[in-house]
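What follows is a single structure, written as structure tokens, with notes after it.
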């Protein structure tokens, strides 16, 4: 059928279910979308015209699918047609669910993922918006009408409002803004910018060219990037001194101590290795302080001595420094144990704390957990809640003195059991833990909890911006409550969306199983996404920072596929690494018409088009090596490299080489090619040029490679944890490919000696100076193969390489 016939058939099909002619023309402009929509309509079994909203949702599904063949897509189609999915957001979430789960997708799972049956009323929206305004009143008053766009974005991202009708948000927000600020006045007028004089043709062309370049590649490090610290979530943060206080005089003391500077902190628990998600937290906290000429603490939250190990303390500090940041001060929560204990006694003395002897199960029941394990039961007070202050003080000191075993007593905060927030239901402040501490030894038999420690140590250290991820959003209420009741400076906790990666696992528990099960080499196996593993894999720290910067910071969780991270790394490496010729499966090529001592030096730039990398001279000799994939016994239409009757060029060598004869072993495998150097005939441009490595004892060539480790995804699916048999059943058995017998040109040693090259990019904030004598900083692009680095297993006699990422276009070698 002709193209016009296809379009007529599609037009008829689309009009049959209710699309208007103008809309059909628009759809047909995109072949992938129109093909998807055709398949979706056919699988919907829609015999009659659909209503406009339903047909629009099917079109949205086709746009998401874009010509793909999504397994179980019919689950989504059916849900749209039968009316379960009513909004574009629901269709989008359903698409993500089916794409992630594939054959394992179910109707029940789709309904849950896309909010089917979840009803959010207008009254609920009004209450949530009202609560948000109450919590952010000072911010709205300070920023007035110019903050409305960010309010809209932040409120839409409140989890409980995810499935609310989108059209409800703006009217409700506008109503609250008007009630708080009143009508707009001169403070809200936007000043007109002075018109610039008309640009000349030359300037216009230059500007257009710059815009085109910037949009072409936001990650290309030869193009300046926008800063995540000046816009979005971080750009909207308060200035030091603007965060509200229950006791205003404490702000005066705070500003006197800080000089009005930004103070942040990165507070990891030293009970495991950091992963890629932590790199965002490091950049947010250290980077925000640096951007504002402030200070950032590295504070180890060492309140759980049973799980802490020295190697974690060391690794955390190393990873922060590897990413280019230096802590202003290194502190420990344990530095403040004495002060925290004093405040715990104060909490009891003001009747805001009590010692509880309930079991963990009893506490759950008090907090509204039903006997069957579900939530929603009636909350009630602990029987010890109203015990005399002196009695609680005595019992707390008994806890301190080791008179109770683990689980027999806790100190709880006396908060607000009527609050809708679980963070106000009498949290535990101290628990008994008879374990030695790495810094305080056996001094303490009790240790403070995160909920008690975190806000108070932030206060002690005069933190102006306590930046954490959104899973701590509910904790803000208890954070502020505790500071206020103890009459200490209240830092401003603000929450941003965390960074997650698909196609992998990040939890310590799951990675531990991979390590102990021998599935990976260790916590720094390059197939993992711990920061130790990413560094060993050869990823430059500047590539990580550049990638996070392009993602920006919002209040929404960022879920990124590993291939998108790889793409960012690849673009960074493209402008910061030299090129070398490496042969994975070498075949010797002996050039019969050259003498045994023949040497002809050719000069090759380390990176064509970039003088800053320099160049090297390589001897062209009687025998050279080429890759086995660069030779065939027969010529074909789509094959351009070496074959009998088809000469080929060797990179930068003046003349071609042509095949004279071939030696093979008993199995028919080529073991040597005899060739002719075509310097005795008129030069004819070859169809292509291939890489090569000379054979020269004098020049220590070739350089033998003991082992190349090519890394592929460790898991087969985007969501390993969703595998019915558990994430270990999703392991890719071919995730590591070992290549032995490869060779590389001798210029490798020059690159190694000069590494780390620390090549500058336009984006100076990502020019991280790496330390010398680190194997992972020895990086290069192996032409036509990918990017590689030295592995830490390399010895003086054995060269071991890791693959970092493949080249941008991994199209194989069948036709170049």
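The values are calculated or read from the model by the stated rules, or taken from the named source; none is laboratory data. The model shown is predicted, which means the values in this text are computed figures rather than measured ones. Cβ coordinates were reconstructed from backbone atoms using ideal geometry, including for glycine residues, and neighbour counts include every protein chain displayed.
Just a few scattered comments:
- Residue count, the range 645-679 (criterion: assigned to a loop (DSSP other than H, G, I, E, B), within 48 Å of the chain's Cα centre (by Cα) and farther than 22 Å from residue 783 by Cα): 1
- Subset of the range 469-493 (residues that are within 21 Å of residue 420 (Cβ to Cβ), in contact (Cβ under 8 Å) with a residue 60 or more places away in the chain and touching a strand residue (DSSP E or B) at 6+ places or on another chain (Cβ under 6 Å)): 470, 476
- Being within 21 Å of residue 789 (Cβ to Cβ), in contact (Cβ under 8 Å) with a residue 24 or more places away in the chain and surrounded by fewer than 18 Cβ atoms within 10 Å (Cβ to Cβ) is a property that residue 704 has.
- Filter result (in contact with a strand residue (DSSP E or B) (Cβ under 9 Å, 6 or more places away or on another chain) and in a loop (DSSP other than H, G, I, E, B)) within the range 248-268: 261, 262, 267, 268
- Test for residue 727: is it under 26 Å from residue 564 (Cα atoms), out of contact with any strand residue (DSSP E or B) (no Cβ under 7 Å at 6 or more places or on another chain) and either in contact (Cβ under 8 Å) with a residue 40 or more places away in the chain or not assigned by TED's automatic domain parsing to the domain that holds residue 635 (or both): yes
- At least 2 residues being over 34 Å from the mean Cα position of the chain (by Cα) is the threshold, and among the strands (runs of 3 or more DSSP E) wholly inside the range 425-472 those reaching it are 428-432.
- Search result, residues across the range 103-160 that are in a loop (DSSP other than H, G, I, E, B) and closer than 30 Å to residue 723 by Cβ: 105, 106, 114, 115, 116, 117, 118, 157
- A single entry from 764, 750, 736 fulfils the requirement of being over 28 Å from residue 696 (Cα atoms), assigned by TED's automatic domain parsing to the domain that holds residue 623 and at pLDDT 95 or above: 736.
- Pairing each residue of the range 222-242 that is closer than 21 Å to residue 543 by Cβ and not assigned by TED's automatic domain parsing to the domain that holds residue 466 with any residue that is modelled with pLDDT under 90 and part of a helix (DSSP H, G or I), provided the two are 6+ apart or on different chains, yields C-beta distances under 6 Å for 223/213; 223/214.
- When residue 245 is tested against (1) farther than 30 Å from residue 305 by Cα; (2) part of a loop (DSSP other than H, G, I, E, B); (3) at pLDDT 95 or above, just one condition goes unmet, and that condition is (3).
- In the range 555-571, the qualifying residues are those that are in contact with a strand residue (DSSP E or B) (Cβ under 7 Å, 6 or more places away or on another chain) and not in a helix (DSSP H, G or I), and the one that is nearest to residue 527 (Cα to Cα) is 560.
- Residue 724 vs. criteria touching a helix residue (DSSP H, G or I) at 6+ places or on another chain (Cβ under 7 Å) and either surrounded by fewer than 15 Cβ atoms within 10 Å (Cβ to Cβ) or outside any loop (DSSP other than H, G, I, E, B) (or both): yes
- The condition of being touching a residue at least 40 places away in the same chain (Cβ under 8 Å), loosely packed, with under 14 Cβ neighbours inside 10 Å and farther than 30 Å from residue 789 by Cα holds for only one of 638, 633, 665, that being 638.
- Taken over the range 357-386, the residue count meeting the criterion of being surrounded by 15 or more Cβ atoms within 10 Å (Cβ to Cβ) and closer than 20 Å to residue 486 by Cα is 1.
- Listing of helices (runs of 4 or more DSSP H) fully contained in the range 5-69 that carry 2 or more residues being in contact with a helix residue (DSSP H, G or I) (Cβ under 9 Å, 6 or more places away or on another chain), surrounded by fewer than 16 Cβ atoms within 10 Å (Cβ to Cβ) and in the same structural domain as residue 86 (by TED's automatic domain parsing): 21-28, 31-44
- The condition of being exposed (fewer than 14 other Cβ atoms within 10 Å of the Cβ) and within 20 Å of residue 59 (Cβ to Cβ) holds for only one of 78, 82, 123, 103, that being 82.
- For residue 514, the test of being assigned to a loop (DSSP other than H, G, I, E, B), outside the structural domain of residue 347 (by TED's automatic domain parsing) and surrounded by fewer than 22 Cβ atoms within 10 Å (Cβ to Cβ) is failed.
- The lone criterion from (1) more than 36 Å from the chain's Cα centre (by Cα); (2) part of a loop (DSSP other than H, G, I, E, B); (3) surrounded by 16 or more Cβ atoms within 10 Å (Cβ to Cβ) left unmet by residue 416 is number (3).
- Sub-6 Å Cβ pairs linking a first residue in the range 586-611 that is in the same structural domain as residue 654 (by TED's automatic domain parsing) and surrounded by fewer than 11 Cβ atoms within 10 Å (Cβ to Cβ) to a second residue that is at pLDDT 95 or above and part of a loop (DSSP other than H, G, I, E, B), at least 6 apart or interchain, are 596/622, ordered by first then second residue.
- Test: residue in the range 324-334 that is out of contact with any strand residue (DSSP E or B) (no Cβ under 8 Å at 6 or more places or on another chain), part of a helix (DSSP H, G or I) and surrounded by fewer than 19 Cβ atoms within 10 Å (Cβ to Cβ): no
- Looking across the range 792-803, just one residue is in contact with a helix residue (DSSP H, G or I) (Cβ under 9 Å, 6 or more places away or on another chain) and either under 19 Å from residue 576 (Cα atoms) or at pLDDT below 95 (or both), and that is 802.
- Being assigned by TED's automatic domain parsing to the domain that holds residue 769 and in contact with a helix residue (DSSP H, G or I) (Cβ under 8 Å, 6 or more places away or on another chain) is a property that residue 553 lacks.
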